[in-house]
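Structure, as structure tokens:
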Amino acid sequence: MNSTNNKRRVLLAVTETSPLSELWRAVTEHLAGAHAELTTVFVSDDRWRRAASLPFTREISRVSGSSEKFTPQRADQIDKDAVASAQRQIQQLAAKAELQVAFEFLSEHDAAQIHELVKVEQDVLIAPSFFKRRPIYAELTRLRCRILLVDSEDADADRTAE
């Protein structure tokens, strides 16, 4: 039991727009030859729910251009789809690298819970650099572990609506 508690962790924080290939490169660099476990933390963007609660918010189809009311139920469905897609992609990458990966879900308004995932100071949190502009960043700076922010090669991938 002590060996599990002393094991270093690599935490990979992602959102629905995270540049997974760049983040995965950073993960594999930190796991190479190390005895560490990998945990992916999907950070849900709470702005979807806030937007869905507004009476005038509409969702516009990229294909047809038609629009319909954007509801909290639709925001939940988008979240579920994004989590499933990210989890599937991470599991495929982990399988290719022959790694085991745990998957956690965290909403930005519950960001303080990320402290529960950091076990020792040698843990490493890898996140996209656009987290600096997100509410969760204040909580990340309080973590007692190394934080590595990864820039995306695709500038559009790390832009978020403010």
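What to note about this one:
- Protection-proxy order for peptides 65-74, 44-53, each taking the mean of Cβ atoms within 10 Å per residue, highest first: 44-53, 65-74
- The listed peptides 133-139, 83-89, ordered by packing as a protection proxy, come out as 133-139, 83-89 (highest mean of other Cβ atoms within 10 Å first).
- Between Phe42 and Val14, Glu104, Phe105, Leu106, the built amide H atoms are under 5 Å apart, and every one of these is 5 or more places off in sequence or on another chain.
- The chain: angle of helix 20-31 to the longest principal axis, Cα-based, in degrees nearest 10: 10
- Relative to the longest principal axis of the Cα atoms of the chain, the long axis of helix 72-96 makes an angle of roughly 30 degrees.
- Those lysines that a straight Cα-Cα span of less than 30 Å connects to Lys69, excepting residues fewer than 8 apart in one chain: Lys80
- Here the Karplus relation 6.51 cos²θ - 1.76 cosθ + 1.60, evaluated at θ = phi - 60°, turns the backbone of the range 40-54 into coupling constants of 9, 10, 8, 9, 6, 7, 5, 5, 4, 5, 5, 5, 5, 7, 7 Hz, with x for every Gly and Pro.
- Lysines whose Cα lies under 18 Å from that of Lys7, excluding same-chain neighbours fewer than 8 positions away: Lys119
- Positive end of the dipole of the range 32-101 (Cβ unit charges, origin at the Cα centre): among Gln89, His35, Val101, the Cα lying farthest that way belongs to Gln89.
- Binned Cα-Cα distances of the chain, short to long, each 10 Å bin given as a whole percent: 10, 37, 34, 14, 5, 1
The numbers here are math on the coordinates, done by the rules we state, and not lab data. Note that the structure is a prediction, hence the values are computed from the model and not measured. With ideal geometry, Cβ positions are generated from the backbone for all residues, glycine too; neighbour counts draw on all protein chains shown.
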